[in-house]
Amino acid sequence: MSKQLLILGCGHSESITHFNNNAAILTPYGNMLIDSGHTIKHALHKQNMSIANIDAIFITHVHGDHVFGLERIAYEAKFIHNKRITLIFHESIYQELWHETLKGSLGKIGEGEAKFSDYFDLNILTEDNFTIFDTKYQLIPVKHTPNKSTFGLLIDEKIFYSSDTTAIKDTINTLNFDICFHDVTLSEFNPVHATLDSLLVQYPEHIKQKMFLMSYEDSFEQYQETVNQAFKGFAYQGQLINF
Ligand SMILES: [Zn+2]
């Protein structure tokens with residue numbers, strides 16, 4: 001049976017024209033989100049989906065455009081849908097995700113104190129891979145904010161989804177994939193995202209020709225020609241990739 005990657009959002013964190021850079025893996029066995037930023041409900045609605053359609057969520061790293069939607073999903077899964085979603089993340093982000101981010105909002109409810117596991121079935125990874133819904137995921141450490149764990153995903157050895165990262169030439173050259181969704185920023189300098197120039201200069205042709213660029217600013221149209229020539233193009237919301 002076919003599986004699909006759906007781009008729910010492909011905007012930079014400051015974008016007002018695109019949703020947060022989040023995706024979904026759709027399978028006959030269940031649907032998994034990759035990240036849940038603060039625009040997630042609207043992004044799902046745009047694709048005729050809702051929290052009720054989500055069975056699992058993988059978190060790449062703890063930034064608002066990737067995790068702030070978890071607060072809403074937690075409450076609605078528990079109190080509206082009476083549904084336990086599996087939340088998957090690497091153990092290295094547990095402290096940031098629960099104690100430093102979500103607990104301030106989710107830690108107390110009408111019934112008293114609430115734990116992380118009162119909302120989600122937690123799958124806290126100690127290794128660099130997992131399998132869910134007949135799909136294999138390999139966690140690929142990427143280089144985003146210094147000293148902050150961030151993971152891209154290699155999906156069924158076919159799709160590489162970078163999450164937020166600077167250019168990672170040495171890593172990407174070791175991976176085998178048919179298609180790639182890679183972070184880009186259209187600003188000239190950025191210490192935590194890959195600039196367009198860094199990708200143009202550092203990545204080999206055969207990699208660039210398999211790459212869609214995502215997480216871009218609202219000014220993207222003026223870069224369209226350059227990007228279409230050197231890469232597969234910009235990712236777009238509603239884009240579906242069969243794998
Ligand atoms: Zn980030």
Starting from the range 4-26, take each residue that is closer than 23 Å to F243 by Cα and within 16 Å of the ligand (Cβ to nearest atom) and list its partners that are of a type in the set (S, T, N, Q) and assigned to a strand (DSSP E or B), counting only C-beta distances under 7 angstrom and pairs at least six apart or across chains. G9/N20
Give me the pairs: first residue in the range 147-167 and on the phi > 0 side of the Ramachandran plot, second residue assigned to a strand (DSSP E or B), beta-carbon distance under 6 Å, and six or more apart or on different chains, which are they? D156/T135; D156/K136; S163/G152
Residues of the range 169-209 being within 17 Å of the chain's Cα centre (by Cα) and assigned to a loop (DSSP other than H, G, I, E, B), in sequence order, are V184, V192, H193, A194
With criteria (1) among the small types (G, A, S); (2) touching a residue at least 60 places away in the same chain (Cβ under 8 Å); (3) surrounded by fewer than 17 Cβ atoms within 10 Å (Cβ to Cβ), G64 comes up short on (2)
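Conditions (1) farther than 22 Å from I241 by Cα; (2) within 16 Å of the ligand (Cβ to nearest atom), marked per residue:
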| site | (1), (2) |
| --- | --- |
| T135 | no, no |
| I140 | no, yes |
| T165 | no, yes |
| D178 | no, no |
| E188 | yes, no |
| A194 | yes, yes |
| Q202 | yes, no |
| Q209 | no, no |
| Y216 | no, yes |
Residue pairs within 7 Å by beta carbon, gap of at least six or interchain, first lying in the range 96-125 and more than 22 Å from T145 (Cβ to Cβ), second part of a strand (DSSP E or B) and charged (D, E, K, R), listed first then second, are G107/E113; A114/K108
List pairs: first residue in the range 173-193 and aromatic (F, W, Y), second residue within 14 Å of the ligand (Cβ to nearest atom) anywhere in the structure, Cβ distance under 6 angstrom, at least six positions apart or on different chains. F181/Y161; F181/M214
Kindly evaluate K158 against the criterion of being closer than 19 Å to A23 by Cα, surrounded by fewer than 23 Cβ atoms within 10 Å (Cβ to Cβ) and more than 16 Å from the ligand (Cβ to nearest atom). yes
Can you name the residue in the range 27-56 that is of a type in the set (V, I, T) and within 16 Å of the ligand (Cβ to nearest atom) and is also farthest from S2 (Cα to Cα) among such residues? T39
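Read-outs: derived from the displayed coordinates by stated rules, not from any lab. All of these numbers come straight from a predicted model, not from anything done at the bench. Here the Cβ is made from the backbone with ideal geometry for all residues, glycine too, and neighbour counts use every protein chain on show.
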